[in-house]
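The values are calculated or read from the model by the stated rules, or taken from the named source; none is laboratory data. What you see is a predicted model; the values in this text were computed from it and never measured. So basically every Cβ, Gly included, is an ideal-geometry build from the backbone, and we count neighbours across all protein chains shown.
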Amino acid sequence: MSVKISIEDFSIDRFRQGSRVDFCCVYESYYDAMYTFAYNLIRNEAEAQDITTDTFVKLWRLHANFESINNIKAFLYVTNRNACLDALRFLQKQRTVHKEVLYLIGQEGGDIKNEMIDAEVFSELNQKIESLPDKCRKIFKLIYFNNLSTSEVAEEMGISNQNVLNQKARAIHLLRSGLLHKALLTTELAIFLFFFFQ
């Protein structure tokens with residue numbers, strides 16, 4: 001049988017030492033509040049759940065660094081809020097680029113000429129991305145799917161910024177070469193961002 005404690009019996013010393021019982025106490029005491037906080041900001045249930053779960057994962061990873069329950073609460077709110085703001089910024093960026101892509105492919109203003117072409121392009125683009133060389137594919141996804149910067153990708157993979165840029169350029173070149181027969185995809189922007197908006 002699992003042991004549970006109330007927040008009144010919570011021990012910061014045990015928490016700092018990696019007590020799962022005390023971590024679960026914090027999780028159960030503050031999960032609902034964190035989820036509600038996230039949902040009120042982004043208005044998306046799945047995204048709010050993901051952000052809230054990730055917030056507690058980060059808390060667990062840093063459990064040895066906290067000095068009080070108030071420090072923990074502050075960390076939860078700040079981490080949760082920042083993740084929500086990042087998600088909102090990313091969504092706004094997607095919407096902006098979506099408009100640019102629609103303009104580039106001649107669909108501005110909702111004049112969708114051929115939705116079957118969109119589906120076909122999406123399917124083929126996804127296949128081309130998955131067929132990229134391993135390192136090239138990973139860097140491409142980190143940049144365009146995970147929204148990481150060149151320096152962040154370089155740090156994560158333990159390579160130079162120039163290497164990242166070279167692999168990124170290689171990925172775009174390979175994708176362009178593989179999709180040249182698609183009249184819809186005439187620019188780098190349309191190639192590597194069209195994937196997000198299907």
Members of region 155-170 that are under 12 Å from Ile143 (Cα atoms) and in contact with a Cys (Cβ under 8 Å, 6 or more places away or on another chain): Gln167
Cβ pairs under 8 Å, 6+ apart, first in region 146-168 and without any contact (Cβ under 8 Å) to a residue 60 or more places away in the chain, second of a type in the set (Asp, Glu): Leu148/Glu156
Any hit, region 86-105, residues being at pLDDT below 75, outside any helix (DSSP H, G or I) and either of a type in the set (Ser, Thr, Tyr) or surrounded by 13 or more Cβ atoms within 10 Å (Cβ to Cβ) (or both): yes
Tally of residues being surrounded by 14 or more Cβ atoms within 10 Å (Cβ to Cβ) and in contact (Cβ under 8 Å) with a residue 24 or more places away in the chain across region 1-43: 14
